[in-house]
Amino acid sequence: MNRTLIVARLQFVAWCSVVGWPWGILMLSFLINVALFSTIGDSEDFEPRTGGLVSIYIVMFIASINAITQDFPFALGLGVSRRSFYLGNVLNYAGQAISYAAVLYLLAVIEEATDGWGVNLLFFGLPFLVVDNPVLRFLSFALPFLLLGFVGIAIALVFKRWGVNGMLTLSTTALAGLGGLVVLANWRGWWSVIGGWLADQPGWALLVGWPALLTLPLAGISYLIIRRATP
Amino acid sequence: MSAVIAVTDLTKRYRGVTALDGISFSLAENRIHGLLGRNGAGKTTLMQILTGQHFATSGQVSVFGQHPYENEQVLARMSFIKESQTYPTNLRVTHVLRAARLVYPSWNEEFAQRLVEVFQLPRGRNVRKLSRGMLSALGIVVGLASRAPLTFFDEPYLGLDAVARQHFYDHLLADYTEHPRTIVLSTHLIDEVSDLIEHVLLLDRGRLLLDVEAEALRGQVVTVSGPVAAVQEFARTGTELHRASLGGTTRLTVRGDFGPAAQDRARALGLVLEASSLQDIVVRLSTATDSSTPTPAGVTSEETIR
Amino acid sequence: MEDSRPIFLQIAELLENSILDGTLAEEGQVPSTNELAAFHRINPATAAKGVNKLVDDGTLYKKRGIGMFVSSGARAKLRGRRRDEFARQYVQPLLTEARKLGIEPAELKNMIDAKGESR
């Protein structure tokens, strides 16, 4: 069997915990919200919004870091090549991202159909962005998973390959870069322009387009880093 | 016999430390090789380079005739069990075995399950909660059941008691006999493995001190004691490794070609002759430049030649 | 294996001992090298080397596909060889030690006779 597929399956040997953590935490957050808002009055104009959906994205972000810090040394110890590990890891992660996005989409549809689970709750739907096209709507669930995953992979690989010094250099550079931009924007009075630009962006661009544009170079850079990383 | 591993002038340096200093050797197929040396001698570094996990600074490495780095064909035929192996923290013992089963083409599940019984591994326990000895046993199970054509064991028995270690040696030997393969056993418990290994590589501070057949080494180093003149006479043909003197009596460790007749010669000269075990030989050779051995007053002790 | 002579020599000697004391009968089958390796916890290649040494000097012979057997007349031959070695291995050091202690050959003989009777 292809070694890439083997790695993807290898990371799924303890599938209970792989699937259990993100969904367990999301469900917990959901149930607490349902319980909470069903006790609070049900006036028509009160439409509670929560950030609970973010929890599953955070868990997946952490999982993508663990894949490098824990699965990578294990897989290499078993005689897997870095290339196979990388591709298998991406395959496994993307597979999860796509299926989780599909389930989230489904839950959002149910949420709409049941008037917010009977308590007017907006948990799975995205309150601030309206995306009507079903494909774009599905992708707006999936792409943030992928972006976070590759950010996690890239950060963990910098740590794996260059250690604490690498992390310090990376974070210093990032802070200096962002800080410089903020100073520049203040100085030139660009904030209104930036605000306007952001407001003009359609929802799908912020959730699908830009994440996709960022994910691709991260994927490439990560591959280059892992080829010279040691377990 | 064809060589599974060929290493030429291999050097590994990191941050000013020379872990391997231009070593060259080759390992023949389907034998048990002992990779011996003190901690920090470079054994683990060598195996990490041979398995493509680390990068050499210079020199050539060939495994199954190819370079191991990112070489799927070579990597799939190797199993490397190291003392420092870590496992993802969400895995249980059964998960680790299932992962190994997925990865190793020659994995034998029945053998793995038998070994799990032998080492009394708790199948359902999380790897984080395994004792040091159990972790070692898990590595041993994976290494043996993988039946990889080239298997490295790097100090695989940390935390294992003498009984468990004997189980390891017995199963290694029995399975190797039925399924011949190339095994590299890195250890400092030399006495325990001296009867198992056919070929010895001795590393010391990144250099290769010995690359010999284990049998050829037996009887090569002897310790002879008695009157100075007689000892001198006996040891004429050998290379002096260690000398201790007290009054007119000298104890001398020499390396040389001492056949069965040496015993008679020693007796004729009125000397006591002790042949050194593999362990003694390794200790003598790797400490031959170390003159820090403490000796009580009145006894002179010196290490002469390495 | 305990002493420091090459293990294959020790294996050969152990087999010789078994032939001498009759544990291994002439024309009887010898344990396989794998059995020897497992029993003595040694490398099978080393065990094979020990067995081959005895094949080379005619003590054992190989039946194709079946295994190793003790040759006829092996026991007598071994006994003859061991007798020669006995003088060198035991009698010579005995005499050397006796001389060191000032024991005359006649006295030594008496000691041996006395020991022999008391058994």
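Listed values for region B:151-156 are Karplus-derived 3J(HN,Hα) couplings in whole Hz (6.51 cos²θ - 1.76 cosθ + 1.60, θ = phi - 60°), namely 10, 9, 10, 9, 6, x, and x replaces Gly and Pro. On the principal axes of its alpha-carbon atoms, region C:7-72 has extents of 29, 27, 19 Å, going from largest to smallest. Working note: Cα atoms of chain B, range along each principal axis, descending, whole Å: 66, 42, 38. When chain A is treated as a Gaussian network with alpha carbon springs shorter than 10 Å, the biggest mean-square fluctuation among A:P134, A:P211, A:P144 belongs to A:P134. Using Cα-Cα distances under 8 Å and only pairs 6 or more residues apart, what relative contact order does region C:56-113 have, in percent? Once divided by the residue count of region C:56-113, the mean separation gives 17 percent. Name the longest site-free stretch of chain C, where the excluded sites are GluC sites (Glu not before Pro) in a DSSP loop with no more than 13 other beta-carbon atoms within 10 Å. Looking at chain C, C:28-119 is the longest stretch - no exposed GluC sites (Glu not before Pro) with at most 13 other Cβ atoms within 10 Å.
Among the chymotrypsin sites (Phe, Trp or Tyr not before Pro) in region B:44-96, those placed in a DSSP loop whose Cβ has at most 14 other Cβ atoms within 10 Å are B:F55.
With only Cα atoms counted, region B:225-265 has Rg and Dmax values of 10.1, 30 Å. Pairs of C-alpha atoms in region C:24-119 farther apart than 16 Å represent 69 percent of all such pairs.
What is the log10 of I(q)/I(0) for region A:3-226, computed with the Debye formula using one identical point scatterer on each Cα and no solvent, at q = 0.14 Å⁻¹? After summing over all Cα pairs, the log10 values are -1.02.
Order of B:V221, B:V212, B:V127 from fewest to most other C-beta atoms within 10 Å? List each step's numbers first, then the result.
On the way: B:V221 25, B:V212 13, B:V127 19.
Least crowded to most crowded, the residues run B:V212, B:V127, B:V221.
Counting other Cβ atoms within 10 Å as a rough exposure proxy, the listed residues A:I153, A:I56 run A:I56, A:I153 from fewest neighbours to most. Membrane-span-like helices in chain A, defined here as complete DSSP H runs extending at least 15 Å along the helix axis by their C-alpha atoms with mean Kyte-Doolittle hydropathy no lower than 0.5, are A:15-39, A:54-66, A:82-113, A:134-188, A:210-226; this is a sequence and geometry rule, not a statement about a membrane. Across all directions, the shadow cast by the convex hull of the protein assembly as shown built on its C-alpha atoms averages 44.5 square nanometres.
Between region C:1-57 and region A:63-106, the alpha-carbon centres lie 54 Å apart. The 3J(HN,Hα) values that the Karplus relation (6.51, -1.76, 1.60; θ = phi - 60°) gives for region B:44-49 are, in residue order, 5, 4, 4, 5, 5, 6 Hz. Gly and Pro appear as x.
FYI, it's all coordinate maths here, none of it is from the lab. The model shown is predicted, which means the values in this text are computed figures rather than measured ones. Here Cβ is always computed from backbone atoms with ideal geometry, including for glycine, and neighbour counts include all displayed protein chains.
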